[in-house]
Amino acid sequence: EALVRWNHPTQGMVSPTKFIAAAEETGLIAPLGDYIMRDAAKKAAGWLRRGIALRVAVNVSAMQFNDDNFTAKVQNILAETGLPASLFELEITESIAMSNPDRVIRLLEPLRNKGVRIAIDDFGTGHSNLAALTRMPFDVFKIDQSFIRALGKDRSAPAMSETIIAMAGGLTYETVAEGVESQEQAAFLKTRGATLGQGYL
């Protein structure tokens, strides 16, 4: 997953928790998101030319997704950089997906048909309409890190994670568990069938 950081000339590396909100408030999140998308595709294409075929995922902001030219923009980035669609993944939050399922289908289905992978991010934190969810063009459920952090602390956390993994399996989606920071969390997720873990571990 391509994650943005700001290397400030005097403050050094600044976390996105400090500047993403400001970028959203000022409307800069859309050009910033487009830059990240293009740069990530360019880097992945460079790795591929060196024999490293590695899929890269990028987050899509609500403002980017409001652009009616979003589909064409992604297609142009792939054409410009020469990155195969199969090595590119877009992450849409559950709240964006559920706010307008028809728009999600219209903008993402053409990309998915060309091979771009689509992930639903922060899954489990919103209010998914399961009927709408099954119509949408997703390949990956990203289990929100709040569920993973709660493993071993909250009695309901294992059941919630297991339910999401089982539902993803039934829909033939991959699962990515976010925020995996301990061997115990990794072992639990592995035995339950999660496809991938993402985190400091």
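A few notes on this one:
- Pairs with Cβ under 9 Å, 6+ apart, first in the stretch 177-201 and aliphatic (A, V, I, L, M), second loosely packed, with under 13 Cβ neighbours inside 10 Å: VAL180/TYR200; VAL180/LEU201; ALA186/LEU201; LEU201/GLN183
- Filtered by the rule that a residue be in contact (Cβ under 8 Å) with a residue 40 or more places away in the chain and open to solvent by 30 Å² or more (accessible area, probe 1.4 Å), the stretch 109-119 gives a lone residue, ARG117.
- Qualifying residues in the stretch 20-42 (those that are touching a Leu at 6+ places or on another chain (Cβ under 9 Å) and without any contact (Cβ under 8 Å) to a residue 24 or more places away in the chain) - the one farthest from ASN59 (Cα to Cα): ALA22
- Long-range neighbours under 6 Å by Cβ, at least six apart or interchain, first residue open to solvent by less than 40 Å² (accessible area, probe 1.4 Å) within the stretch 88-108, second acidic (Asp, Glu): GLU91/ASP121; THR93/ASP121; THR93/ASP122; GLU94/ASP122
- Any hit, the stretch 103-114, residues being modelled with pLDDT of 95 or more and at positive phi: no
- The residue that is farthest from GLU91 (Cα to Cα), among those in the stretch 175-188 that are of a type in the set (A, V, I, L, M, F, W, C) and either within 18 Å of the chain's Cα centre (by Cα) or open to solvent by less than 50 Å² (accessible area, probe 1.4 Å) (or both), is PHE188.
- Odd one out for ASP68, checked against (1) under 18 Å from the mean Cα position of the chain (by Cα); (2) in a loop (DSSP other than H, G, I, E, B); (3) among the charged types (D, E, K, R): (1)
- Taking the stretch 71-87 as the range and being open to solvent by less than 30 Å² (accessible area, probe 1.4 Å) and not in a helix (DSSP H, G or I) as the test, only LEU83 passes.
- Being open to solvent by 30 Å² or more (accessible area, probe 1.4 Å), over 16 Å from ALA97 (Cβ atoms), touching an Asp or Glu at 6+ places or on another chain (Cβ under 6 Å) and hydroxyl-bearing (Ser, Thr, Tyr) is a property that THR172 lacks.
- Of all residues making up the stretch 123-161, the number that are in contact (Cβ under 8 Å) with a residue 12 or more places away in the chain, open to solvent by 50 Å² or more (accessible area, probe 1.4 Å) and either part of a strand (DSSP E or B) or basic (Lys, Arg) (or both): 2
The values are calculated or read from the model by the stated rules, or taken from the named source; none is laboratory data. Note that the coordinates shown come from a computational prediction; the quantities given were computed from them, not determined experimentally. Ideal geometry is used to build each Cβ from the backbone, glycine not excepted, and the neighbour counts take in all protein chains shown. The protein model used for the area step is the full one, side chains on, heavy atoms only, and it has no ligands, DNA or RNA in it. Shrake-Rupley method; radii C 1.70, N 1.55, O 1.52, S 1.80 Å.
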